[in-house]
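Below is one structure; the comments refer to it alone.
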Amino acid sequence: MQVPILKQGAYLIATVQSALTDDDLKQLRDTLVVSVSKVRSRGVIVDVTALDVIDSFATRTLRDVAHMIRLRGAETVIVGIQPEVAFSMVKLGLSLEGIATSLDLEEGLAYLDRKGKRSGPEVGDQR
Amino acid sequence: MIARARDPAPRWAISADDVRVPIDRDADIVAARQKGRELAARCGFPTTDLAVIATAISELARNIVRYALHGEIVLKLVEENGRRGIEVVASDDGPGIPDLTRAMQDGYSTSGSLGLGLPGTRRLMDDFEIASDFGKGTKVTVRRWKR
């Protein structure tokens, strides 16, 4: 299951449409890391509203995406984590510490806009 | 209630809905958790529990793919003392777990993963049993009961 990635202004938006296998997740990670510089994006949004499970592998991969993209000079926001998914993640012991998350796509875009207005990237910014 | 407690009723009234999912590759992890979610939904679990159960199945199935290469997950609805629940049995004939005590600790992993699979699954579910014979395989049985 490929994840469509759309370019909207200075941002890339990856919208997960259905359950992803581990290979799908790895592919998404690799594609995003390459695309972000190809289109000179300032920010990446990964919309996981459609995911009914975010387990340890998915969490680790999302975390890797955010860290890799930060190393490429852009910001990542994970948006749309469902309440029951958040509950399960916390129970399992997972966190996305240091990674920006937003309620939905709109909030995610607003977050990236705010980030972009500030003068340059903050070093070691761990929200 | 007292009379009932004295009845040596069978511990499990196993329904006919056993679902067996062979676990051999990546995509089977998704299949197993989706089947588990469907079965739990049929049992009437609330949405939060469905996510919890599906997440636990995902972790158990991934352990099979990662450490044993193949095995299976058997899902069934169970009943005990009038309460209903779902049972998930994940078994494989892989190498087994040499050190179960450490495998149950948060953050311990021999594969570079986060090391949360087994301890996390125990936290997600109500019952957790694990048996592992070094060199013969591993069997994890978990249950979650409807509140």
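A few remarks follow.
- Breaking point among (1) surrounded by 22 or more Cβ atoms within 10 Å (Cβ to Cβ); (2) of a type in the set (Phe, Trp, Tyr); (3) within 14 Å of chain B (Cβ to nearest Cβ), for A:Tyr11: (3)
- In the stretch A:37-57, residue surrounded by the fewest Cβ atoms within 10 Å (Cβ to Cβ) [restricted to those that are assigned to a helix (DSSP H, G or I) and out of contact with any Leu (no Cβ under 6 Å at 6 or more places or on another chain)]: A:Lys38
- Residue in the stretch B:72-82 that is touching a residue at least 60 places away in the same chain (Cβ under 8 Å) and within 14 Å of chain A (Cβ to nearest Cβ) present: no
- Scan of the stretch B:54-65 for residues that are more than 9 Å from chain A (Cβ to nearest Cβ) and either closer than 18 Å to A:Ala86 by Cβ or of a type outside the set (Gly, Ala, Ser) (or both), ordered by number: B:Leu60, B:Asn63, B:Ile64
- Subset of the stretch B:128-147 (residues that are surrounded by 15 or more Cβ atoms within 10 Å (Cβ to Cβ) and without any contact (Cβ under 8 Å) to a residue 24 or more places away in the chain): B:Phe128
- Hits in the stretch B:26-49 - residues which are more than 22 Å from A:Asp23 (Cα to Cα) and facing chain A (nearest Cβ under 7 Å): B:Thr47, B:Thr48
- Residues located in the stretch B:83-108, provided they are away from chain A (no Cβ under 14 Å), within 30 Å of A:Ser95 (Cβ to Cβ) and not aliphatic (A, V, I, L, M): B:Gly85, B:Glu87, B:Asp92, B:Gly94, B:Pro98, B:Asp99, B:Thr101, B:Arg102
- Identity of the residue in the stretch A:14-39, more than 25 Å from B:Leu114 (Cβ to Cβ) and either in contact with a Pro (Cβ under 8 Å, 6 or more places away or on another chain) or in contact (Cβ under 8 Å) with a residue 24 or more places away in the chain (or both), that ends up farthest from the other protein chains (Cβ to nearest Cβ): A:Val39
- Enumeration of residues in the stretch A:61-83 that are buried (at least 18 other Cβ atoms within 10 Å of the Cβ), within 14 Å of another protein chain (Cβ to nearest Cβ) and of a type in the set (D, E, K, R): A:Arg63
- Consider the stretch B:84-134 and keep the residues that are among the basic types (Lys, Arg) and outside any strand (DSSP E or B). The one that is nearest to the chain's Cα centre (by Cα) is B:Arg122.
Each reported figure results from applying straightforward, stated rules to the coordinates on display, with no laboratory input. Since the structure is predicted, the reported quantities are computational estimates derived from the model, not experimental observations. Positions of Cβ are generated from backbone atoms using ideal geometry, with glycine treated the same way; all protein chains shown enter the neighbour counts.
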